[in-house]
1. If you find the alpha carbon centre of segment 1-71 and of segment 218-293, how far apart are they in angstrom?
2. Among DSSP beta bridges lying fully in segment 145-262, give the percent that are antiparallel, nearest 5.
3. Taking only protein heavy atoms into account and a 1.4 Å probe, give the accessible area per residue of segment 148-293 in Å².
4. Quick check of the Kirkwood formula: for segment 131-214, what is the inverse mean of 1/r over all pairs of different Cα atoms, in Å?
5. How big is D for segment 125-274, in µm² s⁻¹ as a whole number, if Stokes-Einstein is applied with the Kirkwood radius of its Cα pairs at 4 °C and 1.567 mPa s?
6. If Rh is defined by the Kirkwood formula over all Cα pairs and Rg also comes from Cα, what ratio Rg/Rh do you get for segment 66-119?
7. In debye to the nearest 20, how big a dipole does the chain give about its Cα centre with +1 on each Lys and Arg Cβ and -1 on each Asp and Glu Cβ?
8. Distances over 34 Å make up what percent of all Cα-Cα pairs in the chain?
Amino acid sequence: MKQTHLVTGRFAPSPSGRMHLGNIYAAFMSWLSARRQGGRWILRIEDLDPQRSKPEYARLIEDDLRWLGLDWDEGGIADGYCQSLRGGLYADALARLEELGLVYACRCTRADIMATQAPHQSDGRVIYAGTCRPHNCPPYARPEGPGARRLYVPYGESVDFTDRNFGRQHVVLAAECGDFIVRRADGAWAYQLAVVVDDALMGVTEVVRGADLLLSTAQQIYLYRLLGLTPPDWAHLPLITNEAGVRLSKRDASLSMEAIRASGATPDEVIGRVAALAGLIPEPAPVSLHSLV
Ligand code: GLU
């Protein structure tokens, strides 16, 4: 049920590996923001990708969060807040976009897309050249047959929003991402669509997450607009890097929760590390969640 009167934050991990310090930082900052405002906090397992998601990682994510004391009021495996169980809701949203005549079938492979794209974006982003886009203007007929489902982005469509940390953002979607996938050719739902449907239906009022999703936010706001939904507030967190200045990933074994817990660290020590990264305390030192709230 939507409870827009209450601040509602959420943590939405993908169970494709054990969490690392960067994930804990995002979870902690989102939890703390909700708790400081007396709000609720939801855990949603984003297991959309059948090849990469593993139920045992979802269980370990819950175990690590509980160990740290990052408690959720709603969601998680027991409540069935797993995207793999929510396909019907994403199908309804896709049907709505199809009714608007903004969706077409795309049969391009990744190799096709790379071949039509020059020069490549420096960050590896792929801007779709429109190869499969119908020649007529929208509204398009409901797409049939195999292939991914791609959402039309009008030339010049821009999104403006204010991020709590990064300030005002102005994104011209056609230039930054182009028409984007809402359902993959293998039938898997795209993150952008699922996250909007879920955050809206779960009554999320603020999204606190890593800055790697800042551009995705513009795509998500475009979807909120088309679906007639109200977007949450956004707070993107500067990405944490390792000593070499490289963004943490699930491959940094020493910073995984497995290594951290095996080292004998206490929950308060781990919270102290992320609290120091956030500048809440001057140096990493054991600190209780309670005292930070
Ligand atoms: N599931 C995404 C991830 O783990 C995060 C999605 C989000 O916070 O919007 O990277």
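The values are calculated or read from the model by the stated rules, or taken from the named source; none is laboratory data. Nothing here was measured: the structure is a model prediction, and the numbers come from that model. Because the Cβ atoms are built from the backbone with ideal geometry, glycine has one as well, and the counts that use them run over all protein chains shown. These area figures cover heavy atoms from the full protein model, side chains too; ligands, DNA and RNA do not enter into them. Shrake-Rupley method; radii C 1.70, N 1.55, O 1.52, S 1.80 Å.
1. 11
2. 65
3. 45
4. Values: mean 1/r = 0.0661 Å⁻¹.
One over the average 1/r among Cα pairs gives 15.1 Å for segment 131-214.
5. 72
6. Taking Rh as the inverse mean 1/r over Cα pairs, Rg/Rh reads 1.24.
7. That gives a dipole near 400 debye.
8. Summing the P(r) of the chain above 34 Å gives 23 percent of all pairs.
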